[in-house]
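The values are calculated or read from the model by the stated rules, or taken from the named source; none is laboratory data. In this text, all values refer to a predicted model and were calculated from it rather than measured experimentally. When the accessible area is computed, the model is the full protein with side chains, heavy atoms only, and any ligands, DNA or RNA have been set aside. Shrake-Rupley method; radii C 1.70, N 1.55, O 1.52, S 1.80 Å.
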Amino acid sequence: MAVIRIEQSNPEYLAEHFQLLTVQSSHLNRRCDISVFNAHPDGKNLPIVILLHGVYGNHWVWSGLGGVHKAYSDEYAKGGLSQMILVMPSDGGFYGGSAYLPLANGENYEKWIVEDVIEAVIKCNPSASPASNIYIAGLSMGGYGALRLGAKYPTIFKGISAHSSITDIREMAQFVAEDLSLYNTHLNYESDIAHWLKVNKNHLPPIRFDCGTEDTLYSGNQMFNQRLKQLGITAELESLSGEHSWDYWNRNVRKTFHFFSQIQEFNY
């Protein structure tokens, strides 16, 4: 069992519908945190939406800086959106960011997300179950993580959405001062999103991604878009106005909710 122990918050002491989990993980040999927003505690088999944060961040930034719970609640109130559990895990706390990779040093930030986080959320939320559909999304480094993990584990995730994504691990140099050799893995192709897209091309879930035209990562997203076309994968870059900012992510994470909601309805 990868999850050794879970500490769960008391709902009497938190903002409404929020839950905090601290999980002791054998994949990382440390404790890591997860924020959960579940406005539908009486639901059954609710879809789980994993939201991966970017560099410098932690489990709280999607809500505390991005107001993602308010964005979801606003869209849900308008009607036409599925009930969802928003799950916001820490990346594991590796330097400026783990990139959600299985590193050669033995720390597996990938398994933390695809195994530990999902297990912990299902154990601690009666409205979730092993029958819940699981979706993955992220911003910046988290967008990279969502694209790579979604492509590598197409049987786990029902949909992938990415905002302002790093699309090549070398782009981490724009954000972190550490030597990129820290992100070495046991396999030289491990960090390559396109590799996993190609390997699992016939089994991929639906994918969407966007980037602001004023974002420093925009040109990388354009190149990634061309690579997808070469691979014959159905996913098109949505070019939007905006920079690499929380204002942009608060506006456009709503696209993620509607995208996943449409997939959810189709699966039913």
Which of the aspartates and glutamates could be linked to residue 152 by a straight reach, that is with a Cα gap under 12 Å, when you skip same-chain ones fewer than 8 residues away?
110, 190, 192
When a/c reaches 1.5 or more, the comparison of a/b and b/c decides; with that in mind, is the stretch 196-268 rounded, prolate or oblate per its Cα gyration tensor?
oblate
Rounded to a whole %, the carbon-and-sulfur portion of the accessible area of the chain at a 1.4 Å probe is 49
Among the helices of the chain (complete DSSP H runs), which have Cα atoms covering no less than 15 Å along the helix axis and a Kyte-Doolittle mean of at least 0.0?
141-152
For residue 238, residues with placed amide H under 5 Å, excluding near neighbours:
209, 210, 211
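Please work out the average accessible area per residue across the stretch 56-165, using the 1.4 Å probe convention, and give it in Å².
Normalised by residue count, the accessible surface of the stretch 56-165 is 29 Å².
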Checked the chain against the a/c 1.5 cut and the a/b vs b/c comparison, axes a ≥ b ≥ c from its Cα gyration tensor; verdict rounded
When the Karplus curve 6.51 cos²θ - 1.76 cosθ + 1.60 is applied with θ = phi - 60°, which whole-Hz ³J(HN,Hα) does each residue of the stretch 94-108 get, with x for Gly and Pro?
8, 6, x, x, 7, 6, 6, 9, x, 7, 5, 6, x, 8, 10
